[in-house]
Amino acid sequence: MGACEYLSWSRVQLYLRCPRAFWYRYIEGAPSSFTSSALVLGSAVHDLVGEHFGKLMAGEAAEEMPWASDFIGACFDEADPAVKLGAKEDRDSLCDLGAAMVTALTDHDLLGDTWSVAGIEELVEGPLIDEAPPFVGYIDLLMVDDTGQLGVVDFKTTKSRWSNATLRENSGQLVLYDALLDATTTHCSFLTVTKAKAPKVQQLTVEGSEQGREQLHEQVRHVWRGIESGTFPAHPGWGCGYCGYQDRCPHSSA
Ligand code: SF4
């Protein structure tokens with residue numbers, strides 16, 4: 001599918017961060033010159049946490065994962081294009097940090113006595129606004145309670161604990177999934193974990209509201225108008241250091 005055939009939360013976020021990077025990736029289809037270490041680490045942690053909840057969904061006992069660090073290492077080694085480590089980063093330390101993050105997330109009592117696992121990486125898709133293509137998304141963890149009420153959880157690996165402003169910045173993702181899920185009642189939250197030797201876990205609830213949906217609709221409407229009209233200005237700044245198009249972009253500040 002091309003950029004104009006569907007949207008996703010990450011596509012909208014990339015457009016908002018730097019429309020020029022969106023153009024390289026989704027309109028020109030240019031290959032990124034490297035894979036960011038944060039992407040590989042986050043993706044590997046998601047896979048391992050997903051495996052944990054998959055066992056619970058299948059009625060199996062949760063197990064420790066002494067091989068988590070090796071798994072993350074293999075993800076680093078197999079990334080294509082190759083991973084670019086930050087100036088102060090080290091592959092093996094990142095693998096150990098990732099393993100500690102997985103343990104912190106799986107030790108958190110997310111389900112309690114209320115929830116059971118209903119799905120992992122659950123596909124949700126559909127239109128959000130009439131004039132834009134449909135959205136596609138994957139819910140990290142879908143939970144259900146005894147009454148059939150659904151709970152949506154998205155896992156985030158973060159540099160530091162989220163402030164209210166960061167939660168506000170990200171809440172549109174869960175508002176979007178809530179809308180696409182089309183369920184009568186949902187409980188939406190982020191489960192965040194910091195990238196640290198002693199990772200900190202936060203469960204942050206996003207309250208659904210008509211105002212939140214309207215704000216999301218308006219944001220998506222503006223982004224789509226920009227894409228459709230070919231508006232892709234460069235937005236150089238700190239993001240250039242993580243951008244896989246910095247080598248070809250004349251505006252790069254990296
Ligand atoms: S290098 Fe910077 S300005 Fe250029 S596309 Fe990437 S983020 Fe945008």
Before we move on, is Gln173 open to solvent by 70 Å² or more (accessible area, probe 1.4 Å), away from the ligand (no atom under 16 Å from the Cβ), polar (S, T, N, Q) and touching a residue at least 12 places away in the same chain (Cβ under 8 Å)?
no
Does Phe53 fit the bill of being of a type in the set (Phe, Trp, Tyr), away from the ligand (no atom under 16 Å from the Cβ) and closer than 25 Å to Asn170 by Cβ?
yes
From the set of residues in the range 200-218 that are in a helix (DSSP H, G or I) and acidic (Asp, Glu), which is nearest to the ligand (Cβ to nearest atom)?
Glu218
Among helices (runs of 4 or more DSSP H) entirely inside the range 1-93, those with 2 or more residues being touching a strand residue (DSSP E or B) at 6+ places or on another chain (Cβ under 6 Å), open to solvent by less than 40 Å² (accessible area, probe 1.4 Å) and within 18 Å of Val193 (Cβ to Cβ) are 37-57
Across the range 219-254, the tally of residues that are part of a helix (DSSP H, G or I), open to solvent by 30 Å² or more (accessible area, probe 1.4 Å) and away from the ligand (no atom under 14 Å from the Cβ) stands at 5
Report the residue count in the range 130-170 for those that are of a type in the set (Val, Ile, Thr) and open to solvent by less than 20 Å² (accessible area, probe 1.4 Å).
4
Just to be sure before I move on: is Asp182 away from the ligand (no atom under 16 Å from the Cβ) and on the phi > 0 side of the Ramachandran plot in the structure I sent?
yes
Restricting the range 103-129 to residues that are among the charged types (D, E, K, R) and not in a helix (DSSP H, G or I), the residue that is surrounded by the most Cβ atoms within 10 Å (Cβ to Cβ)
Glu122
Pairing a residue in the range 2-31 that is over 13 Å from Gln219 (Cα atoms) and acidic (Asp, Glu) with any residue that is more than 9 Å from the ligand (Cβ to nearest atom) and assigned to a loop (DSSP other than H, G, I, E, B), where Cβ atoms lie under 8 Å and the two sit 6 or more apart in sequence or on different chains, gives Glu5/Pro133
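The values are calculated or read from the model by the stated rules, or taken from the named source; none is laboratory data. Nothing here was measured: the structure is a model prediction, and the numbers come from that model. We place every Cβ from the backbone using ideal geometry, glycine too, and count neighbours over all the protein chains shown. Calculation scope for accessible area: heavy atoms of the full protein, side chains included, ligands and nucleic acids excluded. Shrake-Rupley method; radii C 1.70, N 1.55, O 1.52, S 1.80 Å.
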